[in-house]
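Peer 1: Mind looking over this structure? Questions follow.
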Amino acid sequence: MSDEQHTIDVQLTLLDGYKFEVDFGEMGQLFTDEPPPLGKGHGPNPGKLLIASVANCLAASLMFAIRKFKEDRVKCPPMCVEICNASMVAGASHTFRWISN
């Protein structure tokens with residue numbers, strides 16, 4: 001195992017209200033924002049980015065396993081994550097559910 005450390009730098013800049021610029025350096029930038037009434041919906045909110053990150057990680061792991069066994073053309077049932085949020089206020093509870101058909 002290598003003793004080499006890897007650092008990921010991300011710069012976050014508040015632009016207006018709840019709108020942030022997320023700067024990944026050489027990898028580019030994206031904007032996040034909360035939907036109304038908190039924000040203006042000018043980008044995905046952090047919860048959606050987290051779900052997209054987890055889904056991408058799971059999909060990449062699945063593809064690695066499929067390719068390892070040389071079965072590149074495997075069909076996977078559609079899957080999504082549902083977020084249930086009673087209100088968009090600080091301290092509101094969030095429920096995350098995996099849904100697959």
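Peer 1: Counting only residues 5 or more places away or on other chains, whose amide H sits under 5 Å from the amide H of ASN45 once H atoms are built in the peptide plane?
Peer 2: Here ASP33 satisfy the definition.
Peer 1: Please arrange LYS40, LYS68, LYS19 by how many other C-beta atoms lie within 10 Å of their C-beta, fewest to most.
Peer 2: LYS68, LYS40, LYS19
Peer 1: Compute the signed sum of charges (Lys and Arg +1, Asp and Glu -1) over the other residues within less than 9 Å, Cβ to Cβ, of PHE31.
Peer 2: Neighbourhood net charge equals -1.
Peer 1: While we're looking at this one, here's another question. Can you put MET27, MET63 in order of Cβ neighbours within 10 angstrom, beginning with the fewest?
Peer 2: The most exposed by this proxy come first: MET27, MET63.
Peer 1: Check TYR18: other-chain or 5+ apart residues with amide H under 5 Å from its amide H, H built from backbone geometry?
Peer 2: GLU34, LYS40
Peer 1: Rounded, prolate or oblate: which fits the stretch 1-58, taking a ≥ b ≥ c as square roots of the Cα gyration tensor eigenvalues, rounded meaning a/c under 1.5, else prolate when a/b beats b/c?
Peer 2: Since a/c reaches 1.5 but b/c is at least a/b, the shape of the stretch 1-58 is classed as oblate.
Peer 1: For each of ASP9, ASP33, count neighbouring Cβ atoms within 10 Å of the residue's Cβ, then give the residues from fewest to most.
Peer 2: ASP9, ASP33
Readers should treat all values here as calculations from the given coordinates under stated rules, not as data from a laboratory. These numbers come from a predicted model, not from an experiment. Quick reminder, even Gly has a Cβ in these numbers, built from the backbone with ideal geometry, and neighbours come from all protein chains shown.
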